[in-house]
1. What does the C-alpha gyration tensor say about the overall shape of region 43-135? Classify as rounded when a/c is under 1.5, otherwise prolate if a/b is larger than b/c, or oblate.
2. Find the centroid of the Cα atoms in region 79-120 and in region 18-70, then give the distance between the two in whole Å.
3. For residue 88, what is the net charge nearby, where nearby means another residue's Cβ is under 12 Å from its Cβ and Lys, Arg count +1, Asp, Glu -1?
4. Work out, step by step, the length gained on full extension between residue 109 and residue 41: first 0.36 nm times the residue separation, then minus their alpha carbon distance; give nm to one decimal.
5. Around residue 116, with a cut-off of 12 angstrom between Cβ atoms, what is the net charge of the other residues, counting Lys and Arg +1 and Asp and Glu -1?
6. Would you calculate the separation in nanometres between label points at residue 121 and residue 83, each defined as 7 Å from the Cα along the Cα-to-beta-carbon direction?
Amino acid sequence: MKYLILIILLTLNLNAKAESVPEIADPKLNDVALAIYVEGEIVILYNPNFCNMLGPLVCKFFLAHEYGHINLGHVLTGTYSAQTDLEADCWAVKNAPLLHVQAAHQHFLKDGFMGNWPHGTGVKRAERMSYCSAF
Ligand SMILES: [Zn+2]
């Protein structure tokens, strides 16, 4: 019986993850996008001004990166390190539409704006993205 309850809870949890996460525009955000808890619910905040500057395809990759953090459980621990950011980029490379991935890769290769990204240059980030997929 305990296992049945556990399975039901796990299923509910998976369903919760599959639901869409609210994406909230915040022009004051000091980053392109960020996945955080707001009042007990995971939301993705994004800066619409940065997104306008980056263009829709690159912006969507940044959102996919945040979905990576959510799906990999990083938001639960609240830890965003070079390692978790690399994992979130890899998740995005594998799950985002190829057009978004290619646009972001080109953007980073040109050392384009990356928001609050303390883990090296855009060229380095583009190189690391290439390790995740052979596109
Ligand atoms: Zn990140």
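Derivation of every value follows stated rules applied to the coordinates shown; laboratory data play no part. Quantities reported herein were computed from a predicted structural model and do not represent experimental measurements. As a convention, Cβ positions derive from the backbone with ideal geometry for all residues, glycine included, and neighbour counts pool all protein chains shown.
1. rounded
2. Taking the Cα centre of region 18-70 as reference, the centre of region 79-120 is 13 Å away.
3. -1
4. 21.0 nm
5. It works out to a net charge of -2.
6. Roughly 2.6 nm, to one decimal.
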